[in-house]
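The values are calculated or read from the model by the stated rules, or taken from the named source; none is laboratory data. No experiment lies behind these values; they were computed from the predicted model shown. Neighbour counts are summed over all protein chains in view; Cβ atoms, including those assigned to glycine, are modelled from backbone coordinates with ideal geometry. All accessible areas refer to the heavy atoms of the entire protein, side chains included, with ligands and DNA or RNA removed. Shrake-Rupley method; radii C 1.70, N 1.55, O 1.52, S 1.80 Å.
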Amino acid sequence: QVKLVESGGGLVQAGGSLRLSCAASGRTVAINRMAWYRQAPGKERELVAGMTSGGITDYADSVKGRFTISRDNAQSTVYLQMNSLKPEDTAVYYCQYRTGIDDYWGQGTQVTVSS
């Protein structure tokens, strides 16, 4: 089992910034991918950004140029720096830890962007 603990969500005005963190513990493995997903009310969960342990990243088109994913492999922690936030970024943000076999999810952290 891998446990994920997220932090950093909150309420921010449009144009502001937030930084999310997700720390993995337990049966972590060297080769993995950590990612952030989000789910807004009435919508499906969608990928925001992901990063492999080798440093390969991918982003949703809607956040390119505004959000940056990074990670500390030694600490099994992934970060999401969110700048120029928009009301449409409002959602519950979930951390995912993926190995070659399993997916693990965090409990989610609420991000609310007011206009």
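See the values below:
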| read-out | value |
| --- | --- |
| Leading residue by the ranking (least open to solvent (accessible area, probe 1.4 Å)) among those in the stretch 10-31 that are in a loop (DSSP other than H, G, I, E, B) and modelled with pLDDT of 95 or more | Gly16 |
| Lone qualifier among Arg19, Arg71 - being within 16 Å of the chain's Cα centre (by Cα) and touching a residue at least 40 places away in the same chain (Cβ under 8 Å) | Arg19 |
| The stretch 32-55: number of residues that are outside any strand (DSSP E or B), within 20 Å of Ile101 (Cα to Cα) and not hydroxyl-bearing (Ser, Thr, Tyr) | 3 |
| Residue identified as within 21 Å of Ser25 (Cα to Cα) and either surrounded by 15 or more Cβ atoms within 10 Å (Cβ to Cβ) or under 12 Å from the mean Cα position of the chain (by Cα) (or both) among Val48, Val78, Val63 | Val78 |
